[in-house]
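Heads up, the thing below is written out as structure tokens.
What follows is calculated from the coordinates using simple rules that are stated; it is not laboratory data. Since the structure is predicted, the reported quantities are computational estimates derived from the model, not experimental observations. Reconstructed Cβ throughout: ideal geometry from the backbone, glycine too, with neighbour counts over all protein chains shown.
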Amino acid sequence: METLTDRKGTLFVLTGPSGVGKGTVLSAFFDKYGRDGFFFSVSATTRAPREGEVEGVNYYYKTHEEFQKMVDNNEFLEHATFCENRYGTPAAPVDKELENGKNVILEIEVEGGLNVMKIRPDATFIFVAPPSFDELERRIRGRNTETEEVIAQRLQKARWELSKMGEYDYIVVNREVDKACDQLRAIVDAEGLKTSNNQKFIKEVQR
Ligand code: 5GP
């Protein structure tokens, strides 16, 4: 992360339709650039784990009752229902890591991103877009983990999600993962160099 001085971390919200490859771009990003200086927020969900997913790494898997209790206790920064399952970002780790100067990355769906815009307008909002709608459909089907009914639901939802793209700060088209991952790096670096994120440095150098 390019930065001029010690400062509070930046909150990055990475969103985009299900199946566009947000997770793939992010893991390529961490493989290429390392996790130093970053904190990836692990969400809670009522969805059942997919094969190979691990509790506490991919998600915290909750029953509907447990999830509702977290909502009632105000434990979420944001939460949303996506294709009949609930997903939420635990607030406490996000605030703690930002305070520690880490760049915090949320990988969430579009509605959750719009909700974060209302409460954290200073965050950086990135929309990962597919090269085309047909390509998105191919990717969702290619994952082979969902029933036809779920696929249809996700495609319908994706149309609405794509309609919200213009509200985000940046668009990264995931045509090639490596290129998308470099574009994400460029955004992170540019945010780190913003004057608004470097007030301490400005004061020091103007003394
Ligand atoms: P999946 O079931 O494919 O893992 O996730 C479905 C959608 O929920 C994806 O677009 C994913 O980014 C999103 N998602 C994951 N965690 C959260 C969260 O904490 N909040 C919100 N709003 N969406 C989430």
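Among (1) exposed (fewer than 13 other Cβ atoms within 10 Å of the Cβ); (2) within 11 Å of the ligand (Cβ to nearest atom), where does Asn58 come up short?
Status for Asn58: all satisfied but (1).
Let's see how each residue does on (1) under 27 Å from Lys32 (Cα atoms); (2) in contact (Cβ under 8 Å) with a residue 40 or more places away in the chain; (3) in a loop (DSSP other than H, G, I, E, B):
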residue: Val128; (1), (2), (3): yes, yes, no
residue: Leu136; (1), (2), (3): yes, yes, no
residue: Arg141; (1), (2), (3): no, no, no
residue: Lys157; (1), (2), (3): no, yes, no
residue: Gly166; (1), (2), (3): no, no, no
residue: Arg185; (1), (2), (3): yes, yes, no
residue: Glu191; (1), (2), (3): yes, yes, no
residue: Glu204; (1), (2), (3): no, yes, no
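Taking Lys102 as meeting all but one of (1) away from the ligand (no atom under 16 Å from the Cβ); (2) farther than 24 Å from Val172 by Cβ, write down the number of the exception.
(2) is the only condition that Lys102 fails.
Each row is one residue, and each column tells you yes or no for (1) closer than 19 Å to Val128 by Cα; (2) out of contact with any Phe, Trp or Tyr (no Cβ under 6 Å at 6 or more places or on another chain); (3) more than 12 Å from the ligand (Cβ to nearest atom).
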| site | (1), (2), (3) |
| --- | --- |
| Val13 | yes, no, no |
| Ser41 | yes, yes, no |
| Thr46 | no, no, no |
| Glu51 | no, yes, yes |
| Glu65 | no, yes, yes |
| Phe76 | no, yes, no |
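For (1) within 13 Å of the ligand (Cβ to nearest atom); (2) within 23 Å of Thr10 (Cα to Cα); (3) loosely packed, with under 13 Cβ neighbours inside 10 Å; (4) of a type in the set (A, V, I, L, M, F, W, C), each residue gets a yes or a no:
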{"site": "Leu106", "(1), (2), (3), (4)": "yes, yes, no, yes"}
{"site": "Gly113", "(1), (2), (3), (4)": "yes, yes, no, no"}
{"site": "Met117", "(1), (2), (3), (4)": "yes, yes, no, yes"}
{"site": "Ala123", "(1), (2), (3), (4)": "no, yes, no, yes"}
{"site": "Asp134", "(1), (2), (3), (4)": "no, no, yes, no"}
{"site": "Glu137", "(1), (2), (3), (4)": "no, no, no, no"}
{"site": "Thr145", "(1), (2), (3), (4)": "yes, no, yes, no"}
{"site": "Glu161", "(1), (2), (3), (4)": "yes, no, no, no"}
{"site": "Tyr170", "(1), (2), (3), (4)": "no, yes, no, no"}
